[in-house]
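Every read-out reported here was derived from the displayed coordinates using simple, explicitly stated rules and does not represent laboratory data. As the structure is a computational prediction, the values presented were derived from the model and not from experiment. Positions of Cβ are generated from backbone atoms using ideal geometry, with glycine treated the same way; all protein chains shown enter the neighbour counts.
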Amino acid sequence: NSETFWTTTGMFPQEFIIGFPKCVKISKVAIQCYLVRTLRIERSVSKDPVDFEQCIEKDLQHTEGQLQMEEFPLPEFQTTYLRFIIKSAFDHFVSVHRVMAEGT
């Protein structure tokens, strides 16, 4: 829903986890966010959201007054959970508006 978003509480790092109903293969992750400076994406293939391993970490460009739209092409890998860690920001609060994962 483009009218909703998740916002941080003002201190960093902040994180959220997305779980899939079963293990899936992911080839690309895209995110729309605002004021995120450094983002790390991790994965877990466990039955529970534990034992994460880092997939990618990137410094995003500041886009004044506009959403940041970032795509992360990833080598196809299996995952049950994706953890997004916002390590730093351009302001005290950031927002995440959409997360998309492509794969099978």
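At a threshold of 8 angstrom on Cα-Cα distance, excluding pairs fewer than six apart, so keeping six or more, what relative contact order does the chain reach in percent? Please list the in-between numbers first.
Values: 250 pairs, mean separation 50.0, N = 104.
This gives 48 percent for the chain.
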Notebook entry, point to check: Applying the Karplus parametrisation 6.51 cos²θ - 1.76 cosθ + 1.60 with θ = phi - 60° to the phi angles of the range 48-61, what ³J(HN,Hα) value in whole Hz is obtained for each residue in order, glycine and proline being reported as x?
Noted result: 10, x, 9, 6, 6, 10, 5, 9, 7, 9, 8, 8, 8, 7
Notebook entry, point to check: Which of the lysines could be linked to Lys22 by a straight reach, that is with a Cα gap under 19 Å, when you skip same-chain ones fewer than 8 residues away?
Noted result: Lys47
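Contour minus end-to-end for Phe5 and Ile56, with contour as 0.36 nm per residue of separation and end-to-end as the Cα-Cα distance?
Numbers: separation 51, 0.36 × 51 = 18.36 nm, distance 2.27 nm.
Stretched fully, the Phe5-Ile56 segment lengthens by 16.1 nm.
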Check: So how do 18-24, 39-45, 97-103 stack up, highest first, on mean other-Cβ count within 10 Å?
Finding: 39-45, 97-103, 18-24
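Could you estimate the translational diffusion coefficient of the chain from the Stokes-Einstein equation, with Rh from the Kirkwood formula over C-alpha pairs, at 37 °C and 0.692 mPa s, in whole µm²/s? Walk me through the intermediate numbers first.
Working: Rh = 14.0 Å.
Answer from the Stokes-Einstein relation: 234 µm²/s.
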